[in-house]
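One structure is given here, and the rest of the page talks about it.
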Amino acid sequence: MSDKPNPPPARWHRAAGDHRAAAREFAARIEAVPSEQWLAPAAPGKWSPAEEALHIQNVYDVLLATLNGGPGLRSRVSERRALFIQRVMFPLFLAVGRLPRGFRAPREVSPNLVEAGRLTPKNRSAEIRRLATEFEEALAAAEAAGRTIALRHPYFGLLNGVLSLRFVALHTRHHLRNLPR
C-alpha cells in the first residue's frame, strides 16, 4: 500500500483548468482597461471595472478565509431553497455558461469605490492571478489531506471543491462580460 494520495479525478482537473482559464482571461481584460475607464461605471447604477475587479478579489479573499477556518458567507435563502438552486438551477447555469442577472452581491464581497481605485489595473490583475492560484492550491491541499470542503454560497448552499472551482469560474466570467473590450 502506498502513502501517496490518489490522483485527483478527471472532473477536478477539468474544473481547475476552467477556473485557471477564467481567472487568466479576467486578469488580462483588467490589465487592458484604459485608465480613463478604470473608475467609470459601465452604466448608471453599475460597477466600474475597478469595482468589478475588487469584487472578484473579495470573493477569493472570503473563500480563502473560509478554507482557513473563517466564517464564510451567510446564507441568503433557506436550506431547502439553496438545495433546490444547487441541484436544479446551478447545473443549468453551468450548462449554459451563464449566471442570471439580479443576484445581489453579499455585503462581504461588495466592492468599495475608494478601495477599488487604489490599485492600477495591472496591480489589481496581478492580485487576482495570485489569489486564483492560492485558492486553487488551498482547495487541492484540502482535498489531498482528505478534508471535507464545504464552502457556503449565499444562494447555492454548500459547495464541495469541484463545485467551488466551477462556480468561481462561472462567476468570474459573469463579471468579465461587464468589462470593456
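The values are calculated or read from the model by the stated rules, or taken from the named source; none is laboratory data. Here the structure is a predicted model, which means the values were calculated and not measured. Please note: Cβ atoms are built from the backbone with ideal geometry, for glycine as well, and neighbour counts cover all protein chains shown.
Only residues that are of a type in the set (A, V, I, L, M), surrounded by fewer than 18 Cβ atoms within 10 Å (Cβ to Cβ) and over 17 Å from Ala27 (Cα atoms) were counted in the stretch 107-132, giving 2. Reported count of residues in the stretch 160-173, each being under 17 Å from Asp61 (Cα atoms) and of a type in the set (Val, Ile, Thr), is 2. Apart from one condition, Ser78 fits all of (1) more than 26 Å from Arg152 (Cα to Cα); (2) free of Cβ contacts under 8 Å to residues at least 60 places away in the same chain; the exception is (1). Picking from residues in the stretch 133-154 that are acidic (Asp, Glu) and buried (at least 18 other Cβ atoms within 10 Å of the Cβ), the one that is nearest to Gln57 (Cα to Cα) is Glu136. No other residue among Glu143, Glu137 is at pLDDT 90 or above, farther than 23 Å from Ala82 by Cα and assigned to a helix (DSSP H, G or I) apart from Glu137. Inspect all residues belonging to the stretch 27-40 and state whether any of them is closer than 18 Å to Ala105 by Cα and either in contact with a Ser or Thr (Cβ under 9 Å, 6 or more places away or on another chain) or not in a helix (DSSP H, G or I) (or both). No, the conditions are met nowhere in the stretch 27-40.
Selection over the stretch 98-111 of residues that are part of a helix (DSSP H, G or I) and without any contact (Cβ under 8 Å) to a residue 24 or more places away in the chain gives a count of 1. Only one of the numbered conditions (1) in contact with a Phe, Trp or Tyr (Cβ under 6 Å, 6 or more places away or on another chain); (2) under 16 Å from Trp38 (Cα atoms) is violated by Phe135, and that is (2). Please tell me if Ala95 is part of a helix (DSSP H, G or I), among the small types (Gly, Ala, Ser) and in contact (Cβ under 8 Å) with a residue 12 or more places away in the chain. For Ala95, the condition - part of a helix (DSSP H, G or I), among the small types (Gly, Ala, Ser) and in contact (Cβ under 8 Å) with a residue 12 or more places away in the chain - is not met. The single condition from (1) part of a helix (DSSP H, G or I); (2) in contact with a helix residue (DSSP H, G or I) (Cβ under 7 Å, 6 or more places away or on another chain) that Arg14 fails is (2).
For the criterion of being of a type in the set (Gly, Ala, Ser), exposed (fewer than 14 other Cβ atoms within 10 Å of the Cβ) and either farther than 13 Å from Val59 by Cα or within 16 Å of the chain's Cα centre (by Cα) (or both), Gly157 fails.
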